[in-house]
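Remarks on the structure that follows.
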Amino acid sequence: MNLGKPQVSWIREINSSGREGAAVSLAHRKDLEAEIQQQMIAMIAQVVLFNHAANASLGLGASDSQFLTLLRTRGPMTPGQLSEATGLTSGTVTGVIDRLEKADLVRRQRVSGDRRKVLVVPTPDAADRLAPTYAGQAAMLQEVLARRTPAELETIMKFLGDLIAKSEPT
């Protein structure tokens, strides 16, 4: 961190919560950006490790529950679409679908009009069956969000939305 006289690169105006604005140096901004990146890396690592342990406790592979997340957020998908979305080979995707189907978390549904085409669809109770495994994480998230103001929640939502939009395959 540079302890010398900072160069002011921009000035934040008084925000909607009435807090006084502050001159923020370019160096300070870079420090904040670096700290956010480090915290994101740490959070991602914790989520990956938690999901790995959660999946193992359910008899699933390390990334199997992520397929359920894709299906919940995007709707039913073909195995080819799952392969494209995850970057996994068709053989690996078939293995994941087989494990999820064996655990009664998804089903393969034939598309009417094209018997060759199959959609992977979560079973109606899949989310409810997984909820107890993730209950602690959900409670922790709710506790953290409860301490934020509506304005902070809007900022967090926009930030996460930007990250998701930038990470979506084109």
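Numbers at a glance
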read-out: Which numbered condition E84 misses (of (1) more than 30 Å from R129 (Cα to Cα); (2) at pLDDT 90 or above; (3) of a type in the set (D, E)); value: (1)
read-out: Search result, residues across segment 88-134 that are surrounded by fewer than 17 Cβ atoms within 10 Å (Cβ to Cβ) and β-branched (V, I, T); value: T89, T92, T94, V111, V121, T123, T133
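The values are calculated or read from the model by the stated rules, or taken from the named source; none is laboratory data. Predicted, not measured: the structure shown is a model, and the values here were computed from it. Cβ coordinates were reconstructed from backbone atoms using ideal geometry, including for glycine residues, and neighbour counts include every protein chain displayed.
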